[in-house]
Amino acid sequence: MSSVLDSLKVKGVFFKNRFVMPPMQGDHATVEGGVTEKLIKFYEQRAEALGLIIVEHSYVSLNGQRAKRQLGIYDDHLVPGLKELVKRIQPFNTRIILQITHAGAKADEKLGIERVAPSAKEGARELMVEEIEALRYAFSRAADRAVSAGFDGVEVHGAHGFLLNQFSSPLTNHRTDMYGGSFENRIRFPLEIVRQVRKQIGTRFLSYRLGSVDLQMMGTQIEDSQQFAKQLAAAGVDIINVSGGLCGSAPSSLAAEEGFFVPQAHAIKQSVDIPVIGVGGVKTPQFVDQVIREGKVDFIAIGRALKNDPDWAIKAVKFLKTK
Ligand SMILES: Cc1cc2nc3c(=O)[nH]c(=O)nc-3n(C[C@H](O)[C@H](O)[C@H](O)COP(=O)(O)O)c2cc1C
């Protein structure tokens, strides 16, 4: 039986405990997507008691930007700032990876972006195959930059209705070519990206944020995601970070429950042999301790509670050590 305070060795590297900070866009970057002191402090103030920090979603190309002050990784000039962020977290012996993303149809129109998506929808234009190839390259270049900045790995964002999730969900992908239609075709682009990124980052960690359920009748169901997860693992993913799909990260129908996406994470864990992260409305150290003891998930992520209280994890560790 494992405790949340126990270390976990993944691919020969120790994570000092099972507490994870999930990616949370803080709008603290410059308008070019660059790292600021405020952004660094946000992570620095929370790092001490965490096993893993997943830095907020960073756009891999300019037409994938979701918000004005979102972090970016679309160009080499952004690397020195990211390097500084990594350097400031290293003394805590906390692993740190960067989430890379493209917002697709959910890019911010107000920024003058011509929005693209797997299928034309609400003003977003359907991507041509050559553009899909270019985007795959953009993800791989972004992964390269994350390595140059010194991150322990990257997380590919495949949840919350953003581009890769728009490809995998039957509700947003109506293509009739090799990238749409059947389940195998819909997961083709995310898997291509995963394989490309895997090559690019060598032995560093590769996590995939999985939009496990859309919570709609004709949308992605957990059984689809269990199949997808197996293929992600076979393609070289080391960790699966389970969240919601088109329903978003905190759907109102579930959000009252502590650990609202943990059942989905547990279902994914049962279909793969790699570590899985659970998340959703975690508020108490008792809950975190219980889900790890029961073996529901390998890591547990605490988002808003940690955002609102930088010392949440420090207090949780203290509490659990004296229990
Ligand atoms: C302000 C905010 C920003 C977020 N940004 C991201 C993000 O960049 N990438 C991502 O995958 N999830 C993002 N999420 C979702 C969180 O990672 C997490 O899954 C969600 O908040 C549920 O966990 P919690 O109830 O512990 O906060 C964000 C959530 C919040 C509240």
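The values are calculated or read from the model by the stated rules, or taken from the named source; none is laboratory data. Note that this is a predicted model, so its numbers are computed, not measured. Note: ideal-geometry Cβ built from the backbone for every residue, glycine included; neighbour counts use all protein chains shown. Heads up: the accessible areas ignore ligands, DNA and RNA and are worked out on the full protein's heavy atoms, side chains in. Shrake-Rupley method; radii C 1.70, N 1.55, O 1.52, S 1.80 Å.
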Helical mean residue ellipticity (222 nm; -39500 (n - 2.57) per DSSP H run of 4+; nearest 500) of the chain
-10000 deg cm²/dmol
On Cα atoms only, tilt of 222-234 relative to the major axis of the chain in degrees
90
In the stretch 1-106, how does Rg compare with the Kirkwood Rh, expressed as the Rg/Rh ratio over alpha carbon atoms?
1.01
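Summing +1 for each Lys or Arg and -1 for each Asp or Glu, what net charge is found among the other residues whose Cβ lies under 15 Å from the Cβ of ARG125?
-2
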C-alpha center-to-center spacing [the stretch 173-200, the stretch 124-164] in angstrom:
12
Please state the equivalent ellipsoid semi-axes for the stretch 72-185: what are the square roots of 5 times the Cα gyration tensor eigenvalues, largest first, in whole Å?
30, 15, 12
Could you tell me the convex hull volume per residue, in Å³, taken over the Cα atoms of the stretch 8-321?
120
Explain nothing, just the number: relative contact order of the stretch 8-321, from Cα pairs under 8 Å at least 6 residues apart, as a whole percent.
15
Cα centroid separation - the stretch 1-80 against the stretch 243-315, whole Å
17
Thinking of the stretch 205-323 as a set of Cα atoms, what percent of all their pairs are more than 20 Å apart?
43
Per residue accessible area of the chain, 1.4 Å probe, in Å²
40
For the chain, find the longest principal axis of its Cα atoms and tell me its angle to the long axis of helix 129-148, 0 to 90°, nearest 10.
30
Under 16 Å between alpha carbons, and skipping anything fewer than 8 positions from LYS323 in its own chain: which aspartates and glutamates qualify?
ASP6, ASP289
Summarise the accessible area of the chain (1.4 Å probe, protein heavy atoms) by the percent that is carbon and sulfur.
51
